[in-house]
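Report on one structure; see the data block that follows.
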Amino acid sequence: MYLRDRYFQEIGRWPSVDLDGGYFTILRPMEPTEADPLLLRAVAQLESASQFIFLCKGEERFNGWTNTGPSSNWIEVAWCEAAGVAAIVYRGEGIPSRVQWFDGATPDEAIDQWCEEYVVPVPVIEDDDE
């Protein structure tokens, strides 16, 4: 996933690895014990902490033409349906993490908002033969 420079500028830290192009796979539940400690701490501070569920989406590498396999990066979400709010963390080796909050009717809507803010869109390649 190519993150916009702004993601790193805002926290004053840069990745220590090259980022791959890619896209997120399906949203799946995860146990709170699997969640990033930053995400757990952010949610634990809230009175509504017990109302949050934890989810994640893996990332598939994409070279502009084909999928090239799973990435070691993923996105984690702590979602509270009652409040319509999600805490989001993007994780991967060598990528600085931070918690960011987004509103949305669903966890996917909150992730879409995060992507609009911080992700460079994957180019869509049209097949001229069609």
Quiz prompt | Label-reachable residues, the stretch 57-84, where backbone N falls under 19 Å from a point 7 Å from residue 23's Cα toward its Cβ | solution = 57-76
Self-check item: For the stretch 1-61: relative contact order, % (alpha-carbon pairs under 8 angstrom, 6 or more apart)
Solution: 45 percent
Quiz item: Distance in nm between label sites at residue 9 and residue 106, each 7 Å beyond Cα in the beta-carbon direction?
Solution: 3.3 nm
Practice problem: Using the Karplus curve 6.51 cos²θ - 1.76 cosθ + 1.60 with θ = phi - 60°, work out ³J(HN,Hα) for each residue of the stretch 21-38 in order, rounded to whole Hz, and write x for Gly and Pro. | Solution: x, x, 8, 7, 8, 7, 7, 9, x, 9, 6, x, 5, 8, 6, 4, x, 4
Quiz item: Which whole-Hz couplings ³J(HN,Hα) result when phi for each residue of the stretch 44-58 is put into the Karplus expression 6.51 cos²θ - 1.76 cosθ + 1.60, θ = phi - 60°, listed in order with x for Gly and Pro?
Solution: 4, 6, 8, 5, 8, 3, 6, 8, 8, 10, 10, 9, 8, 10, x
Quiz item: When Lys and Arg each count +1 and Asp and Glu each count -1, what net charge do the other residues less than 12 Å away from residue 112, Cβ to Cβ, add up to?
Solution: -4
Exercise. Provide the solvent-accessible area of residue 25, counting protein heavy atoms only and rolling a 1.4 Å probe, rounded to the nearest 10 Å².
Key: 60 Å²
Practice problem: Could you list which residues have their amide H under 5 Å from that of residue 2, counting only those 5 or more apart in sequence or on another chain, with H placed in the peptide plane? | Solution: 22, 120
Self-check item: Nonlocal amide H pairs with residue 98, under 5 Å, H built at 1.01 Å
Solution: 90
Self-check item: Folded to 0 to 90 degrees: helix 107-118 orientation relative to the chain principal axis, Cα
Solution: 60 degrees
Quiz prompt | Among 90, 102, 50 the positive-end extreme of the charge dipole of the chain (Cβ point charges) | solution = 50
Self-check item: Amide H contacts under 5 Å for residue 25, placed H, 5+ residues apart
Solution: 58, 59, 60
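The values are calculated or read from the model by the stated rules, or taken from the named source; none is laboratory data. None of the values given here were measured: they were computed from a predicted structure. Cβ coordinates were reconstructed from backbone atoms using ideal geometry, including for glycine residues, and neighbour counts include every protein chain displayed. With ligands, DNA and RNA removed, areas are computed over all heavy atoms of the protein, side chains included. Shrake-Rupley method; radii C 1.70, N 1.55, O 1.52, S 1.80 Å.
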